[in-house]
1. How high is the relative contact order of region 199-358, given as a whole-number percent (alpha carbon pairs under 8 Å, six or more residues apart)?
2. Evaluate the charge dipole of region 15-176 about its Cα centre and quote only its size in Debye, nearest 20, assuming +1 on the Cβ of each Lys and Arg and -1 on the Cβ of each Asp and Glu.
3. Counting pairwise Cα distances across the chain, what percent come out greater than 27 angstrom?
4. What ³J(HN,Hα) values, in whole Hz, does the Karplus curve 6.51 cos²θ - 1.76 cosθ + 1.60 give for region 343-355 when θ = phi - 60°, with x put for Gly and Pro?
5. Using amide H atoms built in the peptide plane, which far-off residues or other-chain residues are under 5 Å from Met155 H to H?
6. Go through Val279, His409, Ala338 and say which Cα lies farthest out towards the positive end of the charge dipole of region 273-429; charges sit on Cβ, +1 for Lys and Arg, -1 for Asp and Glu.
7. Report, in debye and to the nearest 20, how large the dipole of region 235-281 comes out about its Cα centre when Lys and Arg carry +1 and Asp and Glu carry -1 on their Cβ.
8. Roughly how many Å is it from the Cα centre of region 335-363 to that of region 160-216, as a whole number?
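The values are calculated or read from the model by the stated rules, or taken from the named source; none is laboratory data. Since this is a predicted model, take the numbers as computed values, not measurements. Glycine also receives a Cβ, built like all others from the backbone with ideal geometry; neighbour counts cover every protein chain displayed. Remember, those area values only see protein heavy atoms, side chains included, never the ligands or the DNA or RNA. Shrake-Rupley method; radii C 1.70, N 1.55, O 1.52, S 1.80 Å.
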Amino acid sequence: MIKKLIRKILGVRSAEHTPREPVILKAKEHGIDRSLVSPNAIRVTQTLQEAGFKAFIVGGAVRDLLTGVKPKDFDIATNATPEQVKRLFRRAFIIGRRFQIVHVMFGQELLEVTTFRGASDGQVQKDAHGRVLSDNHFGEQHEDAARRDFTVNAMYYDPASETVLDYHNGISDIRRKTLRIIGVPEARYREDPVRMLRVVRFAAKLQFSIDQSTRAPIAVMAPLINNVPAARLFDEMLKLLTSGHAMACLQQLRSAGLHHGILPLLDVVMEQPMGEKFVNLALSNTDDRVRQGKTVSPSFLFAALLWHQVLEKWEAYKAAGEFPIPALHQAADDVLMAQTDALAIQRRIASDMRDIWALQPRFEKRAGKAPYKLLEHQRLRAGYDFLLLRCESGELDPALGAWWTDFMHGDNAEREHLIQQKQRLPSHATGTAEGKNGPARKRKPRKRGPRRSGTEAS
Ligand code: ATP
Ligand code: MG
């Protein structure tokens with residue numbers, strides 16, 4: 001009784017407190033709309049159940065269903081082993097070495113089927129900071145529930161009986177719009193610091209608040225992010241930036257001090273008015289696209305986040321006497337190198353980012369054959385969208401973006417006219433450092449603005 005009271009006062013649930021029996025909610029209590037459930041997810045649970053196994057939809061899909069949102073993908077949890085799962089489906093593949101899961105494919109839809117994970121038994125391998133390195137054995141459903149991150153992510157939905165199994169009071173947190181970590185927050189963040197990024201992402205995406213005892217340790221524990229493998233951080237950052245709430249996520253990351261180990265120089269960029277405007281524009285355009293169901297390009301996003309660092313170094317190399325083009329390449333190298341330690345950007349993405357940056361001075365050459373050559377460039381669309389973003393943020397004269405909009409959409413005669421018109425005008429009329437490959441600094445805004453705005457990264 002006293003223990004219970006202390007726990008209540010501290011607002012902390014003991015790690016050992018892992019309820020064995022769930023609260024079971026019937027259809028009219030949870031109100032899940034079955035039409036939002038993937039028919040294939042229902043097929044998978046049904047097939048497993050008919051073979052004598054337990055099977056549920058779990059995690060984010062249940063959370064989304066309970067908030068009336070159509071889940072983007074469905075995860076299934078079962079007591080069948082990966083081998084047993086594989087045997088039941090025609091297109092099923094066992095993935096992973098340490099902890100195997102099964103990918104079941106139906107046409108384009110991929111369902112992830114995971115065997116219930118067991119509780120940690122003290123034998124787990126950890127790094128010097130307490131991060132769990134491998135802890136992968138099968139277990140009971142209640143143990144599986146206790147290993148999940150947040151109460152709202154630890155519910156199981158059985159489509160057959162239309163019941164929700166709730167071990168950690170997730171349903172009341174859904175109703176209160178609260179994110180609460182399961183177990184002792186400090187311990188759970190230590191085991192896996194990525195949970196700090198996840199809570200920020202979910203808070204922004206679901207517009208939930210973070211429970212006080214779940215939030216409090218983050219400020220102190222944020223540096224643990226530095227021990228997470230860079231590739232995992234990259235995946236997590238990408239999820240965050242393409243969540244449709246990138247702006248809100250980044251604001252939360254900054255206010256929690258979590259960005260230091262991920263985008264170390266973000267503060268520097270955001271402190272300059274133009275840098276801040278540029279990043280905000282890029283992110284809000286990305287959010288619009290995601291919400292409209294359009295694709296977004298990770299390379300475009302990261303190119304935007306790091307651009308003002310590149311600009312600064314570019315200027316410095318030029319001031320030191322380097323020619324503009326090599327100076328830009330050196331600046332790009334420096335920024336990508338510095339970034340790799342914190343957050344390894346995949347090589348393919350880094351190469352696309354370089355292309356987007358390297359295209360920028362080429363947009364400033366509007367004489368002769370140069371603009372026609374640029375039209376054939378594979379990354380033209382992304383480069384052009386990036387150019388518009390620079391114009392919109394006040395870094396370049398909007399007339400340059402408008403000229404390219406006309407040129408790209410014009411027929412041959414119109415294009416020729418644009419080039420000649422350009423040749424007749426003195427170069428300063430456009431406000432750009434024409435032909436010099438240098439970025440134009442901010443000039444007085446001209447009357448004519450770009451015809452379209454938005455970053456449609458191809
Ligand atoms: P999203 O909508 O972004 O996919 P999600 O909750 O489904 O959100 P996933 O990364 O797909 O997130 O993970 C599926 C489930 O696995 C989670 O809901 C949670 O129960 C569990 N999970 C994922 N990552 C962790 C983690 N780092 N620690 C504990 N449990 C986790
Ligand atoms: Mg998911």
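1. Relative CO of region 199-358 lands at 26 percent.
2. 400 debye
3. That tail contains 61 percent of the Cα-Cα pairs.
4. Ordered by residue, 3J(HN,Hα) equals 9, 5, 7, 4, 4, 4, 5, 4, 6, 5, 4, 4, 4 Hz.
5. Close amide H contacts, sequence-distant or interchain: Gly59.
6. His409
7. With Lys and Arg at +1 and Asp and Glu at -1, about 100 debye.
8. Using only Cα atoms to place each centre, the spacing works out to 35 Å.
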